[in-house]
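Undergrad: One structure, as structure tokens, below. Some questions next.
No value in this document is a laboratory result; all are computed from the given coordinates. The shown structure was predicted, so the numbers you read here are calculated from the model rather than taken from an experiment. Glycine also receives a Cβ, built like all others from the backbone with ideal geometry; neighbour counts cover every protein chain displayed.
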Amino acid sequence: MTDLNAATTAAATDALHLSERPNNATLLQLYALYKQATEGDASGSRPGFSDLVARAKWDAWAKLQGTATDTAQQSYIDLVASLD
């Protein structure tokens, strides 16, 4: 495991133990960055209008299309660190 992968994993653990719950916009950003960092560009079809939460998550992830894995990992790590 590379240092950046290990730091991303550690940040994901830290994100689960934040002292305060982030606002919804920040939660979407955390989700999108983590997905981009671990899975790459958004895949599958966009969820339907009736599933607003899944649709918002997918849209946030899709906005990061083309972002390099290393960039997404570092952005995720930095965001979690700023919340701690």
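Undergrad: Within the chain, report the chymotrypsin sites (Phe, Trp or Tyr not before Pro) that DSSP leaves as loop and that have at most 10 other Cβ atoms within 10 Å.
TA: Answer in residue order: Phe49.
Undergrad: Still on this structure: Give me the angle, in degrees from 0 to 90, between the Cα long axis of helix 52-62 and the longest principal axis of the Cα atoms of the chain, rounded to the nearest 10.
TA: So the helix axis and the longest Cα principal axis differ by about 60 degrees.
Undergrad: Also: Apply the Karplus parameterisation 6.51 cos²θ - 1.76 cosθ + 1.60, with θ equal to phi minus 60°, to every residue of the range 24-32 and state each ³J(HN,Hα) to the nearest whole Hz, in sequence, with x for glycine and proline.
TA: These are the phi-based 3J(HN,Hα) values: 4, 5, 5, 4, 5, 5, 4, 4, 5 Hz.
Undergrad: Karplus couplings for the range 7-22 from phi (6.51 cos²θ - 1.76 cosθ + 1.60, θ = phi - 60°), rounded to Hz, Gly and Pro as x?
TA: Going residue by residue, I get 5, 5, 4, 5, 5, 5, 5, 4, 4, 6, 10, 5, 5, 10, 6, x Hz, with x marking Gly and Pro.
Undergrad: Also, quick follow-up: Dipole magnitude of the chain about its Cα centre, charges +1 at Lys/Arg Cβ and -1 at Asp/Glu Cβ only, in debye to the nearest 20? Show your work: numbers first, answer last.
TA: Details: 6 positive and 10 negative charges, 78 e Å.
It works out to roughly 380 debye.
Undergrad: Still on this structure: Would you work out which of Tyr31, Leu52, Ser19 lies farthest towards the positive end of the dipole of the range 1-56? Charges go on Cβ: Lys and Arg +1, Asp and Glu -1.
TA: So the residue we want is Leu52.
Undergrad: Right, something else. Could you go through the range 67-79 in sequence order and give the Karplus-derived ³J(HN,Hα) for each residue, using 6.51 cos²θ - 1.76 cosθ + 1.60 with θ = phi - 60°, rounded to whole Hz, and x for Gly and Pro?
TA: Computed from phi, the couplings for the range 67-79 are 6, 5, 4, 4, 5, 5, 4, 5, 5, 5, 4, 5, 5 Hz.
Undergrad: A further question follows. Expected output is a single nm value to one decimal: the length gained when fully extending between Ala25 and Leu4, i.e. 0.36 nm times separation in residues minus the C-alpha distance. What is it? Working shown, then result.
TA: Details: separation 21, 0.36 × 21 = 7.56 nm, distance 2.46 nm.
Value of the extension gain: 5.1 nm.
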